[in-house]
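Read-outs throughout are calculated quantities, based only on the coordinates presented, and are distinct from any laboratory measurement. As the structure is a computational prediction, the values presented were derived from the model and not from experiment. Note: ideal-geometry Cβ built from the backbone for every residue, glycine included; neighbour counts use all protein chains shown.
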Amino acid sequence: MKLSTAQPARHPNPTTKATALSYLIFERPDLDVAERFLSDFGLRTACYLDNMLFMRGTGEAPFCYVVRKARKARFVGFGLQVGSVADLMALARLPSASAIGPLRGPGGGQRVTLTDPSGFQVDAVFGQEPAAYLPRRRALPFNSVDTVVRVNATQRPPHTAPEVIRLGHVVLELAHYQETCAWYTQHFGFIPSDVQVLPDGSPAVAFMRLDLGDTPADHHTLALAQGFAPAYSHSAYELVDADAVGIGQSLLRERGWKHAWGIGRHILGSQIFDYWQDPWGDKHEHYCDGDLFTAAVPVGIHPTGREAMAQWGDAMPRSFTKPKLTPANLAALWRGLRRSPDLTLAKLRTLAKLFA
């Protein structure tokens with residue numbers, strides 16, 4: 001496919017190379033309600049600190065989700081782990097970056113706080129002490145027509161809240177698409193794994209992975225999508241296997257939470273997925289069986305649209321990407337059209353048609 005617009009691309013000499021997605025930061029008016037949903041979703045409470053709730057998975061990250069008490073619900077930003085104090089020092093020299101300071105929360109460590117071109121807070125984090133792994137069940141052994149691994153034994157996974165192992169990725173919508181993509185590749189070394197494009201070749205979604213060299217990395221840790229305003233799309237959390245995804249759906253339905261989309265298997269990234277909305281309408285994804293790439297794999301280019309999102313399962317609901325026509329969103333749309341070189345009415349009409 002011929003490309004008519006510059007794509008997100010590897011930077012030849014990034015400021016740093018992020019090594020992990022550490023945590024997300026949300027603000028919520030009710031920490032108890034937030035904790036109830038997140039616990040049913042499969043996260044564990046790490047601690048409360050002042051007016052902040054810290055949640056974790058079963059892995060070694062001391063926390064992966066921060067909820068701050070605030071009057072209005074909003075997504076604030078996220079933390080990216082870097083490899084050294086020298087990396088923090090390099091990032092601290094960037095315009096508008098904070099000085100190196102302590103990271104509050106379990107595990108300690110240091111951080112530099114930055115703001116990306118779309119206004120999201122990005123904490124560069126180093127020196128957290130890993131937490132002890134929490135007990136979890138192992139993946140179920142599967143019998144197949146090619147390999148029999150289970151004889152005179154049954155499959156009875158427990159019908160309990162799924163055990164989230166770790167935070168896998170976050171997806172953001174942007175008006176300033178090219179500038180924001182370039183910022184993450186330049187300063188944190190992200191590599192585009194796959195880019196979805198519009199019929200004219202202009203980029204619509206970039207799935208970007210960490211540059212870990214020969215060590216396999218998730219197909220995407222950060223995905224950036226063209227929109228009319230900066231917005232949180234969803235975040236994703238790894239479970240041990242497909243049974244955990246299915247049991248998670250069953251339990252969350254029983255407890256009255258709102259389903260968004262799934263179960264299915266993505267095309268780009270290959271994850272088996274299931275999406276749920278938290279009490280404030282923000283989407284959270286359970287997944288398992290994602291692709292892993294080394295740094296050697298080149299970028300792939302693909303058309304975008306609803307049909308490009310899943311190999312099987314229900315089609316993506318129109319509500320999944322449809323923005324709410326609120327006064328704030330209409331004002332953001334006007335600002336985006338005026339200020340962003342990436343955003344035009346023609347592009348918005350094309351996106352609306354492709355995802356209708």
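Of the residues that make up region 21-32, is at least one under 30 Å from Ala296 (Cα atoms), among the hydroxyl-bearing types (Ser, Thr, Tyr), out of contact with any His (no Cβ under 6 Å at 6 or more places or on another chain) and buried (at least 23 other Cβ atoms within 10 Å of the Cβ)? Yes; the residues of region 21-32 include at least one that is under 30 Å from Ala296 (Cα atoms), among the hydroxyl-bearing types (Ser, Thr, Tyr), out of contact with any His (no Cβ under 6 Å at 6 or more places or on another chain) and buried (at least 23 other Cβ atoms within 10 Å of the Cβ). The residue list Ala217, Ala139 contains one member that is in contact (Cβ under 8 Å) with a residue 24 or more places away in the chain, surrounded by 19 or more Cβ atoms within 10 Å (Cβ to Cβ) and out of contact with any Pro (no Cβ under 8 Å at 6 or more places or on another chain), which is Ala217. Listed by first and then second residue, the pairs with beta-carbon distance under 6 Å, at least 6 apart or on different chains, first residue in region 254-270 and within 17 Å of Phe293 (Cβ to Cβ) and touching a residue at least 60 places away in the same chain (Cβ under 8 Å), second in a strand (DSSP E or B) and of a type outside the set (Asp, Glu), are Leu268/Phe207.
Is it true that Ala61 is hydrophobic (A, V, I, L, M, F, W, C) and assigned to a loop (DSSP other than H, G, I, E, B)?
yes
Exactly one residue out of Ala225, Ala244, Ala229 is of a type in the set (A, V, I, L, M), outside any loop (DSSP other than H, G, I, E, B) and surrounded by fewer than 23 Cβ atoms within 10 Å (Cβ to Cβ): that is Ala225.
For region 142-168, which residues satisfy the criterion of being in contact with a Ser or Thr (Cβ under 8 Å, 6 or more places away or on another chain), surrounded by 14 or more Cβ atoms within 10 Å (Cβ to Cβ) and assigned to a loop (DSSP other than H, G, I, E, B)? Matches in region 142-168: Ala161, Glu163, Val164, Ile165. When residues in region 73-99 are screened for being crowded, with 18+ Cβ neighbours inside 10 Å and either acidic (Asp, Glu) or assigned to a loop (DSSP other than H, G, I, E, B) (or both), 3 of them pass. Against the list (1) crowded, with 19+ Cβ neighbours inside 10 Å; (2) among the polar types (S, T, N, Q); (3) in a strand (DSSP E or B), the condition Thr16 fails is (3). Scanning region 251-304 for residues that are in a strand (DSSP E or B), of a type in the set (D, E, K, R) and buried (at least 16 other Cβ atoms within 10 Å of the Cβ) turns up Arg265, Asp274, Lys283, Glu285.
Within region 334-356, the set of residues being hydrophobic (A, V, I, L, M, F, W, C) and either without any contact (Cβ under 8 Å) to a residue 60 or more places away in the chain or crowded, with 18+ Cβ neighbours inside 10 Å (or both) comprises Trp334, Leu343, Leu345, Ala346, Leu351, Ala352, Leu354, Phe355, Ala356.
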